[in-house]
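Enquirer: Just dropping this structure here.
None of the figures in this text is laboratory data; all of them are computed from the coordinates on show. Model, not experiment: these values are computed from the prediction. Every residue, glycine as well, gets a Cβ built from its backbone with ideal geometry; the counts of neighbours run over all protein chains shown.
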2 protein chains.
Amino acid sequence: MVVSNFSDWYNNIMKEAELVDLRYGVKGFIVIRPWAMFILKKMYQIYEEELHNVGHMPVHFPAVIPESYLKKEEEHVAGFEGEVFWISKAGFNELEERLALRPTSETAMYPMYALWTQGKKDLPIKLYQSGTVWRYETKATKPLMRGREFLWIEAHCAFATKEGAENQVMEDVETTNKVISSSFGIPFLFFRRPDWDKFAGADYTCAADTLMPDGRVLQIATTHLLGQNFSKPFEVKFMDDDGEEKYVWQTSYGPGMNRILAALISIFGDEKGLVIPWHLSPVQAVIVPIFKEESKESIMAYSREVEKLLKNKGIRVMLDKSDETPGFKFNKWEQKGVPIRIEIGKREEENRSVTVVERYDRSKRTLPLDTIGEIEKVANEMFEKMKEDAKKRLEESIVEANTLEDMENAVKEGKIARVPFCSLSLEGKECYEKIKEKVKAEVRGRLLSKKEEARGNCIVCGKEAGEVAYVARQY
Amino acid sequence: MVVSNFSDWYNNIMKEAELVDLRYGVKGFIVIRPWAMFILKKMYQIYEEELHNVGHMPVHFPAVIPESYLKKEEEHVAGFEGEVFWISKAGFNELEERLALRPTSETAMYPMYALWTQGKKDLPIKLYQSGTVWRYETKATKPLMRGREFLWIEAHCAFATKEGAENQVMEDVETTNKVISSSFGIPFLFFRRPDWDKFAGADYTCAADTLMPDGRVLQIATTHLLGQNFSKPFEVKFMDDDGEEKYVWQTSYGPGMNRILAALISIFGDEKGLVIPWHLSPVQAVIVPIFKEESKESIMAYSREVEKLLKNKGIRVMLDKSDETPGFKFNKWEQKGVPIRIEIGKREEENRSVTVVERYDRSKRTLPLDTIGEIEKVANEMFEKMKEDAKKRLEESIVEANTLEDMENAVKEGKIARVPFCSLSLEGKECYEKIKEKVKAEVRGRLLSKKEEARGNCIVCGKEAGEVAYVARQY
């Protein structure tokens with residue numbers, strides 16, 4: 001999308017397209033309205049189907065975690081305890097043990113994994129939970145991007161070997177590609193994060209960043225190799241074939257569903273409003289009848305016929321019967337992002353045809369009624385175009401920078417800088433902190449998709465570069 | 001189902017079929033395991049589709065409710081305040097206002113309804129939320145039937161007129177019929193509850209009771225006419241055509257998803273385990289190969305061919321390749337309730353056929369490979385039989401009782417007693433309390449499905465009967 005002020009555009013579309021409501025009575029908590037929630041439900045459905053395809057099964061763990069569970073893994077609790085909502089009273093009673101509202105479910109799930117894992121035959125475990133987590137976020141909140149309650153999927157796996165867990169991380173990357181990129185059309189870069197930026201308790205973290213229209217990156221999914229860091233304190237172990245008791249190797253994977261929606265809205269939107277992909281849209285085709293008083297009856301009858309025809313094809317169609325003008329209706333449904341508009345006037349009625357307008361590039365065509373099913377093909381081609389354009393924009397936003405100054409300029413222009421960097425292990429943290437301070441940007445890590453050979457010297461310390469790192473401002 | 005001790009059977013199947021795990025570290029909270037959660041997800045999907053069909057849209061409201069919101073409607077808070085989990089701390093800070101973990105969402109949603117409702121054009125509102133609610137239950141918990149966290153759908157509607165709201169209650173009844181009865185196969189009686197047993201804050205409550213195998217009824221869905229009881233304190237009002245500002249009329253509807261699952265398990269289960277309807281089962285058909293060592297290779301190859309064939313037809317099929325004996329496998333998958341078993345031995349391989357065994361009545365038939373798609377038809381017919389039988393059992397469990405003694409005997413035998421009763425308004429409460437004390441049974445209300453003419457005298461007080469009431473023990 002190209003708009004002059006993305007932040008204003010974003011805040012405005014949240015309200016105008018009735019996506020969320022910020023007026024709920026608890027700071028950092030928002031209401032997700034029907035138009036957005038329908039899209040989210042479709043996204044969940046597609047994501048869950050793909051998880052089933054690769055062997056995951058759904059599970060439900062409680063939303064509350066006993067304090068003693070939460071505190072079992074030291075690094076983990078240190079990372080989260082400042083963000084936990086605590087329940088200490090129920091009805092009129094004080095609870096014996098405080099309960100945390102889950103900020104993430106590792107410590108809820110793994111005590112059970114310990115009970116479920118006896119022998120090798122119980123492995124691998126591949127389970128996911130769709131739902132909400134709560135974090136007492138202290139940074140400024142932004143609707144769907146950062147809040148104190150968010151919707152996600154978390155998939156937690158356990159394996160007999162390290163190799164099994166590492167393969168799972170790569171499968172998670174592949175699942176992310178299939179769903180977020182291919183099915184939702186949102187392009188991203190998948191990074192191995194620097195060691196100073198990994199999940200609390202993980203060996204390492206990989207994360208998908210998409211690029212928002214203002215040039216800041218948004219993390220939309222993460223997958224962590226937890227190694228044996230949790231299996232040891234939680235005693236998730238199994239009897240191996242060699243007769244030895246061993247700790248399992250674990251991973252956790254989490255696509256952030258409301259962030260993915262935020263990205264979808266921002267990447268495809270334009271100055272007129274949203275553009276929603278066909279398969280995700282609450283209304284796929286809107287029919288706008290255009291008539292004078294004398295032609296109203298026959299045009300409305302024909303419009304209803306078209307509506308019925310499309311409904312019978314399983315298309316989510318809506319005939320706008322309101323008293324507004326056609327122009328008002330055009331604007332309204334363009335703002336809401338309905339991918340296909342069907343205009344029906346005198347000419348269409350007489351020819352038994354419809355005029356089909358694509359939301360993305362507003363191209364028009366006439367279809368005879370008996371081939372109206374083709375709008376699905378039109379919409380799918382439109383979506384392929386949207387995907388391609390978005391991917392190209394992301395690719396073009398990556399620029400080489402070999403000096404701190406070049407990097408700063410690139411980042412200020414909303415680009416992602418590709419830079420030589422000393423090290424992404426803790427040794428490099430000092431250089432990162434200088435970038436953070438001077439440029440207000442983040443080192444996002446190195447690309448997972450291809451091995452890039454480091455050349456030249458670290459743009460901060462001047463030592464021989466060990467990595468090709470990507471630097472950008474973040475949400 | 002006919003088993004000698006239902007309670008033992010139920011607790012046992014929860015564990016043996018790996019449906020839930022009760023060992024989570026917080027009292028009253030359980031883990032729902034993959035086999036059960038998959039079924040629940042399918043149920044949610046079917047329910048939500050039907051809600052969309054009748055014009056509902058999904059919405060997401062926060063899980064936390066400010067204390068001031070919760071306390072706005074007096075009867076409501078009186079009904080729930082003993083059951084609320086309270087959050088008073090976040091991170092290291094005390095919150096300014098305590099937050100309730102939602103026990104139900106009326107008080108979360110209606111302040112927003114007030115903002116969304118300006119004129120008549122904003123009505124009706126028909127929104128639902130799928131998710132979890134939390135209640136500090138003090139009665140004995142029972143897995144999936146009663147706990148401190150439960151999964152449900154809550155649909156909240158607002159109308160300009162009382163008639164609109166009353167029609168909604170009847171639409172909710174119809175939706176319950178379509179989904180729980182027709183699609184899930186669970187029979188129930190829909191009652192108008194007595195006035196002493198209505199939802200806290202409602203004008204009246206209607207509720208669906210199903211009959212568990214031990215003769216106790218289980219409430220699986222409710223719909224409440226809230227009238228203007230909430231719209232007044234929450235100021236949900238609109239400008240009517242006559243220029244007057246009016247309060248909306250409201251309803252709330254809630255099918256309890258884990259209770260529906262409990263009913264499905266109990267009503268269709270038998271001494272061998274579960275029987276899951278085809279469209280809800282995680283595995284629809286399990287292939288059990290039967291071979292001697294010399295025929296293993298060819299039979300496994302043929303089994304994989306059959307597996308692939310069914311997979312391509314979109315059937316959730318599973319080839320059991322484990323080293324267990326066929327007998328062990330038969331028992332395992334019967335216990336898990338897989339509706340169709342496909343046995344493949346030497347004869348089947350040679351004839352390019354399969355032997356198909358129905359889980360419900362264990363009837364067998366042979367199908368040639370080229371008509372194997374018929375197993376779907378077989379499974380659907382099996383489901384129709386299951387439905388019919390269950391419905392018949394419910395109908396047969398209703399017995400007439402014209403004296404307190406007859407009623408007591410009926411209830412003790414696990415029947416639902418149909419009795420003449422003085423009144424279901426508060427006047428009748430004293431008679432109800434005598435039944436409760438003497439017979440340990442509940443007055444469930446009067447049938448919604450047909451108007452029944454009261455005859456004779458109230459079985460408790462002997463006054464002229466004003467109602468035909470149904471009495472049963474409850475979960």
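Enquirer: Name the residues whose placed amide hydrogens come within less than 5 Å of the amide hydrogen of B:Ala221, ignoring near sequence neighbours (fewer than 5 apart) on the same chain.
Expert: HN-HN under 5 Å from B:Ala221: B:Ala208, B:Gly256.
Enquirer: Please work out the FRET efficiency for the pair B:Ser182 and A:Lys321, using the Cβ-Cβ distance as r and a Förster radius of 45 Å; give the result to the nearest 0.05. Please list the in-between numbers first.
Expert: Working: r = 31 Å, r/R0 = 0.69.
So, using R0 = 45 Å, E works out to roughly 0.90.
Enquirer: Among the listed pairs B:Lys311/B:Lys377; A:Lys42/A:Lys336; B:Lys41/B:Lys329; A:Lys336/A:Lys412; A:Lys72/A:Lys232, which have their C-alpha atoms separated by more than 20 angstrom in this model? Don't jump to the answer; show the numbers that get you there.
Expert: Working: B:Lys311/B:Lys377 16 Å; A:Lys42/A:Lys336 16 Å; B:Lys41/B:Lys329 26 Å; A:Lys336/A:Lys412 31 Å; A:Lys72/A:Lys232 10 Å.
The answer is B:Lys41/B:Lys329; A:Lys336/A:Lys412.
Enquirer: To continue, here is another question. Over the whole of A:145-153, what's the average partner chain Cβ count within 10 Å per residue? Rounded to a whole number, please.
Expert: Details: counts 0, 0, 1, 3, 5, 0, 1, 0, 0.
What the average comes to for A:145-153 is 1.
Enquirer: Pull out a ≥ b ≥ c, the square roots of the eigenvalues of the alpha-carbon gyration tensor of the stretch A:3-268, then state rounded if a/c is under 1.5, prolate if not and a/b is larger than b/c, and oblate in the remaining case. Let's see the in-between values first.
Expert: Details: a/c = 2.02, a/b = 1.37, b/c = 1.47.
It comes out oblate by the Cα gyration axes.
Enquirer: Now a separate question. Considering all alpha-carbon pairs of the stretch B:398-474, what whole percent are spaced by more than 18 angstrom? Intermediate results must be reported in sequence, preceding the final value.
Expert: Numbers: 785 of 2926 pairs.
Counting every Cα pair in the stretch B:398-474, those more than 18 Å apart make up 27 percent.
Enquirer: So what are the ³J(HN,Hα) numbers for the stretch A:398-412, from phi and the Karplus equation (6.51, -1.76, 1.60; θ = phi - 60°), rounded to whole Hz, Gly and Pro as x?
Expert: 8, 10, 6, 9, 10, 10, 4, 5, 4, 4, 4, 4, 4, 5, 5
Enquirer: Measure nothing but the geometry: give the 0 to 90° angle between the long axis through the Cα atoms of A:429-439 and the longest principal axis through the Cα atoms of chain A, rounded to 10°.
Expert: Tilt relative to chain A: about 40 degrees.
Enquirer: With respect to the cross-link table entries B:Lys364/B:Lys392; B:Lys313/B:Lys364; A:Lys392/A:Lys415; A:Lys126/A:Lys178; A:Lys121/B:Lys332; A:Lys120/A:Lys237, which display a Cα-Cα separation exceeding 20 Å? Don't skip to the end; give the middle numbers.
Expert: Numbers: B:Lys364/B:Lys392 25 Å; B:Lys313/B:Lys364 22 Å; A:Lys392/A:Lys415 13 Å; A:Lys126/A:Lys178 18 Å; A:Lys121/B:Lys332 16 Å; A:Lys120/A:Lys237 9 Å.
Among B:Lys364/B:Lys392; B:Lys313/B:Lys364; A:Lys392/A:Lys415; A:Lys126/A:Lys178; A:Lys121/B:Lys332; A:Lys120/A:Lys237, the Cα-Cα distance tops 20 Å for B:Lys364/B:Lys392; B:Lys313/B:Lys364.
Enquirer: Further, regarding this structure: Give me the inter-chain shielding for B:33-43: mean count of other chain Cβ atoms within 10 Å, whole number please.
Expert: Values: counts 7, 9, 3, 3, 8, 4, 1, 2, 8, 0, 0.
So the per-residue partner count for this stretch is 4.
Enquirer: Which FRET efficiency value, to the nearest 0.05, do you get for B:Asp214 and B:Glu395 by plugging their Cβ-Cβ distance into 1/(1 + (r/R0)^6) with R0 = 30 Å? Provide the component values of the computation, followed by the final result.
Expert: Values: r = 18 Å, r/R0 = 0.59.
Using R0 = 30 Å, I get an efficiency of 0.95.
Enquirer: Please find the FRET efficiency linking B:Glu96 to B:Gln45, where r is the Cβ-Cβ separation and R0 is fixed at 41 Å, and quote it to the nearest 0.05. Intermediate results must be reported in sequence, preceding the final value.
Expert: On the way: r = 40 Å, r/R0 = 0.98.
Between B:Glu96 and B:Gln45 the formula returns 0.55.
Enquirer: With each label point set 7 Å from Cα along the Cα-Cβ vector, what nm distance links B:Glu464 and B:Lys120?
Expert: 4.3 nm
Enquirer: Now for a separate question. Calculated from DSSP H runs of 4 or more alone, at -39500 (n - 2.57) each and per residue, what is the 222 nm mean residue ellipticity of the protein assembly as shown, nearest 500? Walk me through the numbers on the way to the answer.
Expert: Numbers: 26 runs with 312 residues, N = 950.
Counting only the DSSP helices, I get -10000 deg cm²/dmol.
Enquirer: Please order B:Glu94, B:Glu349 by the number of other Cβ within 10 Å, starting at the fewest. Display every interim value, and only then the final one.
Expert: Working: B:Glu94 8, B:Glu349 22.
Lowest count first: B:Glu94, B:Glu349.
Enquirer: To the nearest µm²/s, what D does Stokes-Einstein give for the stretch A:285-378 at 25 °C and 0.890 mPa s, using the Kirkwood radius over alpha carbon pairs as Rh?
Expert: 187 µm²/s
Enquirer: Further question: What whole-number distance in Å separates the alpha-carbon centres of the stretch B:76-98 and the stretch A:341-401?
Expert: Computed from Cα coordinates, the inter-centre distance equals 50 Å.
Enquirer: For peptide A:433-440, how many partner chain Cβ atoms fall within 10 Å of a residue's Cβ, on average?
Expert: On the way: counts 0, 0, 0, 0, 0, 0, 0, 0.
Counting Cβ atoms of other protein chains within 10 Å of each residue's Cβ and averaging gives 0.
Enquirer: For the ranges A:438-447, A:374-383, B:7-16, what's the packing order if you count other beta-carbon atoms within 10 Å of each residue, average per peptide, and put the highest first?
Expert: A:438-447, A:374-383, B:7-16
Enquirer: Grab the alpha carbons of the protein assembly as shown, take their convex hull, and tell me the volume per residue in Å³.
Expert: Details: hull volume 187.3 nm³, N = 950.
Taking only Cα atoms, the protein assembly as shown has a hull volume of 197 Å³ per residue.
Enquirer: From the gyration tensor of the Cα coordinates in chain A, what semi-axes in whole Å does the equivalent ellipsoid have, largest first, with each one equal to sqrt(5λ)? Working shown, then result.
Expert: Numbers: eigenvalues 390, 160, 93 Å².
One finds semi-axes of 44, 28, 22 Å for chain A.
Enquirer: I need the inter-copy label distances for A:Glu75: point set 7 Å along Cα to C-beta, values in nm with one decimal, smallest first.
Expert: Here A:Glu75 shows inter-copy label distances of 5.6 nm.
Enquirer: What are the nm distances, shortest first, from A:Asn12 to its equivalents in the other copies, labels at 7 Å along Cα→Cβ?
Expert: Ordered by increasing distance: 6.8 nm.
Enquirer: Which distance in nm do the two modelled labels at A:Lys15 and B:Lys232 give, with both placed 7 Å along the Cα-to-Cβ direction?
Expert: Output for this residue pair reads 3.4 nm.
Enquirer: Another question, if that's okay. Any idea what the alpha-carbon Rg over 2.2 N^0.38 Å comes to for the stretch A:19-107? Could you put the intermediate results ahead of the total?
Expert: Numbers: Rg = 17.1 Å, N = 89, 2.2 N^0.38 = 12.1 Å.
Here the answer is 1.41, to two decimals.
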